[in-house]
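The values are calculated or read from the model by the stated rules, or taken from the named source; none is laboratory data. From a predicted model like this one, the values you see are computed outputs, not experimental measurements. Here the Cβ is made from the backbone with ideal geometry for all residues, glycine too, and neighbour counts use every protein chain on show. Accessible surface areas use protein heavy atoms only, side chains included; no ligands, DNA or RNA. Shrake-Rupley method; radii C 1.70, N 1.55, O 1.52, S 1.80 Å.
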Amino acid sequence: MTRVLAWFSSGAASAVATKLAIHQHGDSVIPVYCDAGGEHEDNTRFRTDCERWFGREVKVLRSTEYADTWDVWTKTRWLAGPKGARCTGELKVVPRLEFQEPDDIHIFGYTADKADIDRAKRLRETQFELTIETPLIERGLNKAACLAMVQGAGIEPPLTYALGFPNANCLPCVKATSPAYWALVRRHFPERFERMAALSRELRVRLCRIKNERRFIDEIPADHPVTAPIVPVCDMLCAMESGR
């Protein structure tokens with residue numbers, strides 16, 4: 001039987017994509033999660049809740065070389081650049097490549113939001129050897145709809161959404177360039193912010209962009225606005241697609 005790997009990332013979108021994949025492909029679906037070791041602690045609770053929703057466990061993959069994101073950043077002396085972040089490659093891509101098989105079908109939780117549609121297109125262009133399915137895009141489901149569907153299943157989304165973060169990624173995420181994002185990290189996770197401010201200064205990496213100019217995150221004004229929480233939006237389509 002061909003394996004169907006549903007790449008769960010502790011967020012609402014990947015959870016809904018996994019649920020839809022199970023509806024379509026049944027027992028051949030294996031939910032898989034690459035643990036980068038840098039996410040909020042509440043993500044573990046969310047994953048456990050989703051396992052009950054899926055009716056099966058999530059397979060957890062970890063790097064055999066690095067403990068977490070900070071381990072990657074300090075050992076490689078690399079945060080982020082034009083080609084992305086080293087932590088993504090070491091903690092997510094490498095474990096995925098070691099686990100996947102040539103005939104696997106890959107489910108990714110890209111949403112119908114334009115930025116995700118563009119990302120899915122780039123993924124198919126660069127990973128053309130993979131068989132890829134994007135059920136959220138096919139059904140026109142955006143991030144807000146996915147949040148509503150998770151809540152409709154009786155699952156509280158990861159805490160980071162309520163705090164205003166657009167996803168449940170690692171905290172902090174060095175791929176973020178928005179000063180509003182870093183201002184939000186500073187507000188809710190000051191110790192992590194200060195640690196990253198010091199490391200980015202040490203490595204001379206200007207992580208954010210203010211008025212189209214690269215700046216260090218400790219240069220963000222104290223009164224800079226932060227990102228607003230995603231508001232769940234649902235309609236009849238959400239209920240139909242959730243299988244409830």
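Amide H to amide H distances under 5 Å link V60 with Y33, where only residues 5 or more positions off or on other chains count and H is placed in the peptide plane. Using a Cα distance threshold of under 23 Å, what count of lysine pairs results for the chain when pairs must be 8 or more residues apart or interchain? Number of lysine pairs found: 23.
Between H106, H224, H40, find the one with the highest GNM mean-square fluctuation for the chain; connect C-alpha pairs within less than 10 Å. Taking springs between Cα atoms under 10 Å, the residue moving most is H224.
When a/c is below 1.5 the answer is rounded, else prolate if a/b is larger than b/c, else oblate, so apply that to region 1-149 with a ≥ b ≥ c taken from the square roots of the Cα gyration tensor eigenvalues. Since a/c stays below 1.5, the shape of region 1-149 is classed as rounded.
Taking the helices alone, the chain has a mean residue ellipticity at 222 nm of -12500 deg cm²/dmol, built from -39,500 (n - 2.57) per DSSP H run of at least 4 residues and averaged over all its residues.
Return the carbon/sulfur percentage of the accessible area of the chain, one whole number, probe 1.4 Å, all protein chains in place.
On the way: 6290 of 12330 Å².
Here it works out to 51 percent.
Both numbers refer to the Cα atoms of region 65-130; Rg and Dmax are 14.0, 37 Å. Distance between the modelled labels on E57 and R3, one decimal in nanometres: 1.5 nm (7 Å Cα→Cβ projection). Probing with 1.4 Å while keeping every protein chain in the model, the per residue accessible area of the chain equals 51 Å².
Among 211-217, 9-15, sorting by the average number of other beta carbon atoms lying within 10 angstrom of each residue, highest first, gives 9-15, 211-217. With a simple spin-label model that places each label point 7 Å from the Cα along the Cα-to-Cβ direction, the separation between K211 and D118 comes to 2.5 nm. Report, in degrees rounded to the nearest 10, the 0 to 90 angle that the Cα long axis of helix 190-203 makes with the longest principal axis of the chain. Helix 190-203 sits at roughly 70 degrees to that axis.
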